[in-house]
Amino acid sequence: MGSVRLIAEYDPDGPTIRVNRRELPHVALEHAIAHELYHHREAIGEIPRLRDRTERERAADAFALALTGSP
């Protein structure tokens, strides 16, 4: 993944959200989980999956911000 920090990830096979504990001091846990919940909602068809990965990540961040009120 290069210089990208993995904070949390969504695994639809669980479904499971995994959180990288080493990154927890740097981010709000609630925001990270809410971000991954957006991806879960995509996976179960509750919301349409955007084609572009960058757009999906922006949408997930916007969802997390709206849900938690914190970046």
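Points worth noting:
- Checking each residue in region 39-71 for being basic (Lys, Arg) and part of a helix (DSSP H, G or I) picks out Arg41, Arg53, Arg56, Arg58.
- The number of residues in region 13-71 that are open to solvent by less than 90 Å² (accessible area, probe 1.4 Å) and without any contact (Cβ under 8 Å) to a residue 24 or more places away in the chain comes to 22.
- Test result for Glu30, at pLDDT below 95, in a helix (DSSP H, G or I) and not aliphatic (A, V, I, L, M): yes
- Residue check for Ile17: within 22 Å of Pro71 (Cα to Cα) and part of a strand (DSSP E or B): yes
- Only a single criterion out of (1) open to solvent by less than 60 Å² (accessible area, probe 1.4 Å); (2) in a helix (DSSP H, G or I) is not satisfied by Tyr10, namely (2).
The values are calculated or read from the model by the stated rules, or taken from the named source; none is laboratory data. Small disclaimer: the values here were computed from a predicted structure and weren't measured. Counting neighbours? That spans all protein chains shown, and the Cβs are built from the backbone with ideal geometry, glycine included. SASA here: full protein model, heavy atoms, side chains in, ligands and nucleic acids out. Shrake-Rupley method; radii C 1.70, N 1.55, O 1.52, S 1.80 Å.
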